[in-house]
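The values are calculated or read from the model by the stated rules, or taken from the named source; none is laboratory data. In this text the structure is predicted, and so the values were computed from the model without any measurement. Here the Cβ is made from the backbone with ideal geometry for all residues, glycine too, and neighbour counts use every protein chain on show. Please note that ligands, DNA and RNA were not included when accessible areas were found on the heavy atoms of the full protein model with its side chains. Shrake-Rupley method; radii C 1.70, N 1.55, O 1.52, S 1.80 Å.
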Amino acid sequence: MGLFGFGRKILAQSGGFVGEGLADASIHRPANRIFGQGESGSGENSPFQRYVRALDSKRDLQRVYSHQLYSASKAMESLSPEERGELLADLAGRPGVYGGAMDGSVAEKAAYSAFWNIWKHEIEVRKEHLGALLRHVLDNPAYRNNEHLEKQFGKLLRQVNHAIKQGAYLSSGDCEAIAAMAAGIRDGKGRYRKAQIKKMIARAEKLEKLAGVDVSATEFLMQRCEGAENPFAIADKLRPNAQFWADLLAEVTAALDEIRLTTKGSAKPAWSRDADAFAAAWPACGEMQPSFEAWKASNQPVPALVQHNGKRNGWANPDDYRLLPGMISAAQAHSRYNWQSNQIPGLTILADLEDPDWTALVEHLITQRRATKATKAWQKEALALCASLGIDVVETRLHDWLALFHTPALERQAYTSACNGERFASAIDRLETAHADWPTRHAHEVPALGRAIAITIASGCSTGLCPDFHPQLVRLDDHSYKNRSATDGVLYLLKPSYKHVDGRSSHETLASWMRLSVENEEFLRGAVWLVALMPDRTRAIRALELTAQSAATYTWTGDDAMRSKIIANAAIATLIDMGGNDIDPAVLRLSKVVEHQTIRAPLLAYLNLEE
């Protein structure tokens, strides 16, 4: 037996859409209409052919422009709702009805125009139209991958349900086809915006309801328990030379900044005009041999060092590079799991899925996927499931799992440090490969090596040097959009590049791994509700505060820039619902770090009430 259980009435024969006797049903048609008293058919008297003749009499379909196919027509307006129902049924399976008719025949253009415009009017279908309606549902490719047609799709489903209420039946084959379409929508790729994904999941749920599919929490758990370990996670390993490279980058940046400032304007320093002065100011160090000739041949310095004049993001503080080794750990922790996947990160830390009691509790966390708050019934059942496992055991494992999301604690500056740590970890790997012996050979001459590197790259002679030594080190690299940025102080290290095992490059970075998918929002919200029920109230308040703070942190710019608005709102609402004076410090701290005004509003409202 499959995973799906179909709840609709099923015919004994799986091929039919309607019950016996439907073809003999009497049809009443008003007089003086386009369709007249004719019956539906496939010839010249079919509803569609009669509509084409009426439409062609009002506009030249041979010369119609593409945008005119969407415009309303008198031919459609003059139809009665019953006639539109006949036309909708007759449109099923016709060429061009779902698109691709811009350069097609008159019939294809008319079919596309009719299908697009019919939804603007009232439609009345009969039970014998169910087969054609289902064909529209299943055959239109836009319903499988285009979230913008939600109103049209909703009207079509209402017509399907109307035909069923009149006595039509779905066969088992129909239900299986609809369920397969729903499953395909759930598994569909290529929808990157969270709002789009939510709309398509809602569409899949409507189809599952139509087919009588009961998608249980067990099935959802089976689909999400494969783990969400990130294949590109920053390795947790010793980096004994991290401080050497950080100090060297700081010295290079300081020297580049000196070059930029001293060569600015018309007055040039003596070393830029005289070879001896140049050699004294920029001595050689190891294989780094600054060249006065190369300097004179360049733009003194290269344009990349002076362009933009720092107006985009500002200039970097060279000493900030020395702090980079301490930023790697946060990047490691937050890169461990891909929260954007449809799998639950670290599920084995939370529960033992070999134990049916643990499985029941985990399933319970995703039973309220559309609820905004935990109901009393949900809380009561959750506590009963915890009691069978031992509430102290559940509390410990629940906090350990939530820490995967909120620890190390995040806010704007902490996230900036994590981004710097990600870039620096990637840079160390390249530097160790390109200049493996430098930490040993130049351990005691880092300033001299840094100055030699700086003047070399400012002269445009970086051949043989690791690309991580470049003129842009003097700048910050905060991504901004419409004067908004998620970070303050990302250093201009090269952005990391990750590759799949087959060699393909990945566009993902820490910013994308940290954002939550719709599936993980549903699960984490259940965990947020559950932690508030745990006996250690102080620990629960702290967990909710950190979860809200982490979820409300921006990782990029744009509509989906925050880790998760859903979780931030859920954690804040749950914290406030706990009540008591002991939540006041947590609410106050959150009101200072949460940047999104809508999410911050309940915190400010609570504090005002307390005053």
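Given the criteria touching a residue at least 24 places away in the same chain (Cβ under 8 Å), touching a Gly at 6+ places or on another chain (Cβ under 9 Å) and either charged (D, E, K, R) or part of a helix (DSSP H, G or I) (or both), does Ala414 qualify? No: the conditions fail for Ala414.
Residues that are touching a residue at least 24 places away in the same chain (Cβ under 8 Å) and part of a helix (DSSP H, G or I) within the stretch 164-182 comprise Ile164, Ser172, Gly173, Asp174, Cys175, Glu176, Ala177, Ile178, Ala179, Met181, Ala182, listed in sequence order.
Residues in the stretch 447-459 that are out of contact with any Cys (no Cβ under 7 Å at 6 or more places or on another chain) and buried (at least 19 other Cβ atoms within 10 Å of the Cβ): Gly450, Arg451, Ile453, Ala454, Ile455, Thr456, Ile457, Ala458, Ser459. Here is the figure for the stretch 311-329: residues that are at pLDDT 95 or above, open to solvent by 20 Å² or more (accessible area, probe 1.4 Å) and either more than 27 Å from Glu422 (Cβ to Cβ) or among the hydrophobic types (A, V, I, L, M, F, W, C) (or both) total 2.
Exactly one residue out of Gln159, Gln166 is polar (S, T, N, Q), buried (at least 18 other Cβ atoms within 10 Å of the Cβ) and over 31 Å from the mean Cα position of the chain (by Cα), and it is Gln159.
Pick from the stretch 388-411 the residues that are assigned to a loop (DSSP other than H, G, I, E, B) and on the phi < 0 side of the Ramachandran plot: which of them is least open to solvent (accessible area, probe 1.4 Å)?
Restricting to residues being assigned to a loop (DSSP other than H, G, I, E, B) and on the phi < 0 side of the Ramachandran plot, the top hit is Leu410.
Name the helices (runs of 4 or more DSSP H) wholly inside the stretch 74-147 in which the number of residues that are open to solvent by less than 20 Å² (accessible area, probe 1.4 Å) and of a type outside the set (Asp, Glu) is 2 or more. If you could, list the steps in order and put the result at the bottom.
Numbers: elements: 74-77, 81-91, 106-117, 130-139, 142-145.
Correct list: 74-77, 81-91, 106-117, 130-139.
When the stretch 360-387 is filtered for residues that are open to solvent by less than 30 Å² (accessible area, probe 1.4 Å), closer than 28 Å to Ser335 by Cα and in contact with an Asp or Glu (Cβ under 9 Å, 6 or more places away or on another chain), the ones remaining, listed by number, are His364, Leu365, Ile366.
One line per residue, one yes/no per condition, for (1) within 25 Å of Phe220 (Cα to Cα); (2) at pLDDT below 95:
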residue: Ala551; (1), (2): yes, no
residue: Ala561; (1), (2): no, yes
residue: Ala573; (1), (2): no, no
residue: Ile583; (1), (2): no, no
residue: Ser591; (1), (2): no, no
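Do we have any residue at all in the stretch 498-508 that's touching a Leu at 6+ places or on another chain (Cβ under 7 Å) and surrounded by fewer than 21 Cβ atoms within 10 Å (Cβ to Cβ)? No, that holds for no residue.
Just name the residue that is least open to solvent (accessible area, probe 1.4 Å) out of those in the stretch 552-568 that are assigned to a helix (DSSP H, G or I) and in contact (Cβ under 8 Å) with a residue 40 or more places away in the chain. Step through it out loud before you land on a result.
Of the stretch 552-568, the ones assigned to a helix (DSSP H, G or I) are 565-568.
From the residues that got through so far, the ones that are in contact (Cβ under 8 Å) with a residue 40 or more places away in the chain too are 566-567.
Details: Ile566: 55, Ile567: 0 Å².
Selected residue: Ile567.
Only one of the numbered conditions (1) touching a strand residue (DSSP E or B) at 6+ places or on another chain (Cβ under 8 Å); (2) surrounded by fewer than 22 Cβ atoms within 10 Å (Cβ to Cβ) is violated by Arg542, and that is (1). Scanning the stretch 570-597 for residues that are within 12 Å of Thr553 (Cα to Cα) and assigned to a helix (DSSP H, G or I), which turns out least open to solvent (accessible area, probe 1.4 Å)? Going through the qualifying residues, I end up with Leu590.
Please tell me if Lys151 is open to solvent by 40 Å² or more (accessible area, probe 1.4 Å), of a type in the set (Lys, Arg) and at pLDDT 90 or above. Show your work before the answer.
Values: open to solvent by 40 Å² or more (accessible area, probe 1.4 Å): yes; of a type in the set (Lys, Arg): yes; at pLDDT 90 or above: yes.
Yes, satisfied.
Among the helices (runs of 4 or more DSSP H) confined wholly to the stretch 223-310, which include 3 or more residues that are open to solvent by less than 70 Å² (accessible area, probe 1.4 Å) and without any contact (Cβ under 8 Å) to a residue 60 or more places away in the chain? Before the answer, list the steps.
Working: elements: 242-262, 275-281, 292-297, 303-306.
Result: 275-281.
Any residue at all in the stretch 424-438 that's closer than 22 Å to His308 by Cβ and open to solvent by 50 Å² or more (accessible area, probe 1.4 Å)?
Here is the first cut: in the stretch 424-438, the residues closer than 22 Å to His308 by Cβ are none.
No: the stretch 424-438 contains no residue that is closer than 22 Å to His308 by Cβ and open to solvent by 50 Å² or more (accessible area, probe 1.4 Å).
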